[in-house]
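Working notes, beginning with the structure itself.
The values are calculated or read from the model by the stated rules, or taken from the named source; none is laboratory data. Since this is a predicted model, take the numbers as computed values, not measurements. Cβ sites come from the backbone with ideal geometry, for glycine too, and all protein chains shown count toward neighbours.
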Amino acid sequence: MSVMTIDTRPARDIHIGCHRHPFEPATAACERCHTVHCSDCVVFPFRTRNKALCIPCALIAGGIRRR
Ligand SMILES: [Zn+2]
Ligand SMILES: [Zn+2]
């Protein structure tokens, strides 16, 4: 009997929080899939501050591999 009609607006336009943690404020957007994430969910594989990747995309890109 749980009534969960909290979000009446389209979630895409008001998606300010992290893609995986909706209650965490997003601090960066993934350069690859353009989703926004909190600081725990993004990495900066190439040590550039403006090139954030979410963890799935970073794994795909192979940027967080240690050489
Ligand atoms: Zn991504
Ligand atoms: Zn997150």
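A few points about this structure:
- Residue within the stretch 26-37 that is at pLDDT 65 or above, surrounded by 13 or more Cβ atoms within 10 Å (Cβ to Cβ) and of a type in the set (S, T, Y) present: yes
- Evaluation of T48 against the conditions (1) surrounded by 10 or more Cβ atoms within 10 Å (Cβ to Cβ); (2) at pLDDT below 90; (3) not charged (D, E, K, R) shows that the sole unmet condition is (1).
- Restricting the stretch 16-37 to residues that are in a strand (DSSP E or B) and out of contact with any Phe, Trp or Tyr (no Cβ under 9 Å at 6 or more places or on another chain), the residue that is nearest to ligand 2 (Cβ to nearest atom): H37
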